[in-house]
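In what follows, a single structure is set out as structure tokens and then discussed.
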């Protein structure tokens, strides 16, 4: 299994769509067997899901993430473990051991601020799905 973590200076970067890098981990038999840092080269929200899919990622660990990005990742078959903060390596180890503490409803605060204030999802790229 391959997981990706939004990454900055050893920590979990807190906004998926603005991540400059991901740390990728190969996991086998409950242990990390390899890791590498991959730069996003300025890819935006939508392109990041495609990048992770191209890299063969099965799961993403991140801080906040918007509804459109969640939809794109789900469409690519990538599971999302949001609401995680702290050391990236420790989170990867916890995931590998099956004990990662995450929030299945984690969202980017700026996305939540827009929704519910007469804001249509389609105007910022969420598409036709529900953002919540």
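Miscellaneous remarks
- Region 8-20 - residue that is in a strand (DSSP E or B) and within 18 Å of residue 70 (Cα to Cα) and, of those, modelled with the lowest pLDDT: 15
- Residue match in region 29-43 (condition: under 12 Å from the mean Cα position of the chain (by Cα) and farther than 15 Å from residue 72 by Cα): no
- Restricting attention to region 58-88, the residues being in a helix (DSSP H, G or I), surrounded by 15 or more Cβ atoms within 10 Å (Cβ to Cβ) and in contact with a strand residue (DSSP E or B) (Cβ under 8 Å, 6 or more places away or on another chain) number 3.
- Residue that is modelled with the highest pLDDT, among those in region 89-110 that are in a helix (DSSP H, G or I) and more than 17 Å from residue 23 (Cα to Cα): 97
- Count - residues of region 1-41 that are exposed (fewer than 15 other Cβ atoms within 10 Å of the Cβ) and free of Cβ contacts under 8 Å to residues at least 12 places away in the same chain: 5
Okay, residues lined up against (1) touching a helix residue (DSSP H, G or I) at 6+ places or on another chain (Cβ under 9 Å); (2) at pLDDT below 90; (3) closer than 17 Å to residue 95 by Cβ; (4) not in a helix (DSSP H, G or I):
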| site | (1), (2), (3), (4) |
| --- | --- |
| 6 | yes, no, yes, yes |
| 23 | yes, no, yes, yes |
| 35 | yes, no, yes, yes |
| 38 | yes, no, no, yes |
| 51 | no, no, no, no |
| 56 | no, no, yes, yes |
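- When each of 113, 72 is tested for being at pLDDT below 95, in contact with a helix residue (DSSP H, G or I) (Cβ under 6 Å, 6 or more places away or on another chain) and over 14 Å from residue 12 (Cα atoms), the lone residue that passes is 72.
- So residue 86, is it over 11 Å from the mean Cα position of the chain (by Cα) and at pLDDT 90 or above: yes
- Selection count, region 75-98, where residues are touching a helix residue (DSSP H, G or I) at 6+ places or on another chain (Cβ under 9 Å) and within 16 Å of residue 28 (Cα to Cα): 0
The values are calculated or read from the model by the stated rules, or taken from the named source; none is laboratory data. Keep in mind the model is a prediction, meaning the values are calculated, not measured. Note: ideal-geometry Cβ built from the backbone for every residue, glycine included; neighbour counts use all protein chains shown.
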